[in-house]
Ligand SMILES: N[C@@H](CCC(=O)N[C@@H](CS)C(=O)NCC(=O)O)C(=O)O
């Protein structure tokens, strides 16, 4: 599905060589936000996780891992949210979505890696997909409960990491911040009281949500989230 085809500034539509395979509100939202921040032409391809489209042969031909996001750039495919975020930030240095010091850049990788591998794959995996952790369905309830506990513990860590800071790494917005927003929105979606339990993270989310690029991506994905 073509959701976004930008104007080339001269009034004529240009064919984009960047394509993002995404699902509304999924971790692909962080990439979508970064594409909006970069102001590059790109196309959106909807692959609904809720409708099971990531498991269909057509999409498995694109990403045999059966996951969004996938970024297609000039015919090459790049998967894994941290790799895509760092790639986009790295090849567009003028937009400054990575900090300037080497150590801070690696702190970005530290955040992205932990969010993707531990919080997403393990903690949310246990919570949303217990069948991926055991073949014994009698264990599902206990895995889901442990997943929730693990998410809460990770969320405390995020709250502490953001305390007293405008942005997650260094003094400026980076590609980590929209990724954190995804986890914030998931927390709200699963019924956590984010404003009460994670006040610093809520302020951070408010700052991220106030960015034009973020609002555009959220609107394009048809998400109705509001911080009140
Ligand atoms: N390690 C991957 C995980 C991607 C992932 O799990 N994406 C979810 C959406 S947030 C997905 O496609 N889920 C489909 C499924 O689990 O079958 C990454 O960081 O990009």
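Helix-only estimate, please: 222 nm mean residue ellipticity of the chain, summing -39500 (n - 2.57) across DSSP H runs of length 4 or more and dividing by its residues, to the nearest 500.
Using -39500 (n - 2.57) per qualifying helix, the result is -13500 deg cm²/dmol.
Which FRET efficiency value, to the nearest 0.05, do you get for residue 133 and residue 17 by plugging their Cβ-Cβ distance into 1/(1 + (r/R0)^6) with R0 = 35 Å?
After rounding to 0.05, the efficiency reads 0.35.
Give me the one-decimal nm value for the distance between modelled label points at residue 172 and residue 203, 7 Å along each residue's Cα-to-Cβ direction.
2.2 nm
Based on the Cβ-Cβ distance of residue 109 and residue 196, what FRET efficiency does E = 1/(1 + (r/R0)^6) give at R0 = 25 Å, to the nearest 0.05?
The calculated FRET efficiency here is 0.20.
Quick check: convex hull of the Cα atoms in the stretch 18-95, volume per residue, rounded to a whole Å³?
79 Å³
Just how far, in whole angstrom, is the stretch 168-228 from the stretch 22-76 if you go by their alpha carbon centroids?
Computed from Cα coordinates, the inter-centre distance equals 20 Å.
Coordinate-derived values only; no laboratory data. If you're wondering where the values come from, they're calculated on a predicted model, not measured in any experiment. For neighbour counting, all protein chains shown are included, and Cβ atoms are generated from backbone atoms with ideal geometry for every residue, glycine included.
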